[in-house]
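Below is one structure; the comments refer to it alone.
Here, each number is a calculation from the coordinates, and none is a lab measurement. Given the structure is predicted, the values throughout are model-derived calculations rather than measurements. Every residue, glycine among them, receives a Cβ derived from its backbone with ideal geometry; neighbour counts consider all protein chains shown.
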Amino acid sequence: MRFSPRSGAALLVCAFMMLGSTPRVQAEDAKRIGVVNVSQVFNAYVKVKEVQEKLEKLFEADRKAIDKKAKDLKALEEKLRLDPRDPKRDVSFFKEFQNFELAKMQLEIEYQDLFKRVEEKRRDEMKGVLNDIKTAIRAIGTQEKYDLILRAPEFEDEFDPKGSAEENKAREESRSAAELVRKFRENPVMYFSQGVDVTGKVIAKLNDDYKAAPVK
């Protein structure tokens, strides 16, 4: 079959159009993915430190009261231990032992109650912090037009990029095999370039928004 010059030129034009359209399709299909170090964000968020200070002040009086009772009981225990009387023969001394054991049990109950109240308050406060972090990540993702943002490896816990090879090796060897396997399996990202890390942007947005928010 013979082709005329006109038909050959038309085929070349079609071929160039097809070649030219391929990169555009690939560009449109490309997805933008980012990562964020949640542990680093948590540690750098100003609100987290303020929540911790708030909890310490809120329960400081209760904690000091329990510490004083524990100190007093420790002194009483030492006194009873050095007492030469036999609790099996001396009724009054036996009662002192009973009162001491009762005070120990009551103090343990007070401590557990305080611990429960502190954890409940901490949980309520942390819900707000975590919601702030999720909101900030979502806002950065929308603003920067990311299709997906994943949690980055927690370098502080798994690998120190500033540490020497010997230090990182010693850190890895100190962990059990089961722990290493668990961390490896739970890690959502095996590698990422610094260009996709939005941790700094998330931290900046969190702290800027928190400073701008009205004081409650």
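Could you put VAL118, VAL41 in order, starting from the residue whose Cβ has the fewest other Cβ atoms within 10 Å? Could you put the intermediate results ahead of the total?
On the way: VAL118 16, VAL41 23.
Going from sparsest to densest Cβ surroundings: VAL118, VAL41.
From largest to smallest, the equivalent ellipsoid semi-axes obtained for the stretch 69-156 from the alpha-carbon gyration tensor read 57, 13, 8 Å.
Most tightly packed first, judged by the mean number of other beta-carbon atoms within 10 Å of their residues, the peptides 42-48, 139-145 read 42-48, 139-145. Dipole magnitude for the stretch 61-131: about 120 debye, using +1 per Lys or Arg Cβ and -1 per Asp or Glu Cβ, origin at the Cα centre.
Arrange the following residues from fewest to most other Cβ atoms within 10 Å of their Cβ: ASP208, ASP197. All intermediate terms of the calculation are to be shown ahead of the outcome.
Details: ASP208 12, ASP197 16.
Listing ASP208, ASP197 from fewest to most nearby Cβ atoms yields ASP208, ASP197.
Would you mind putting 74-80, 127-133, 34-40 in packing order, based on average other-beta-carbon counts within 10 Å, highest first?
Numbers: 74-80: 12.0, 127-133: 14.4, 34-40: 20.0.
Order by mean packing, descending: 34-40, 127-133, 74-80.
Each residue in ARG123, ARG182 was given a count of other beta-carbon atoms within 10 angstrom of its own, and listing them fewest first yields ARG123, ARG182.
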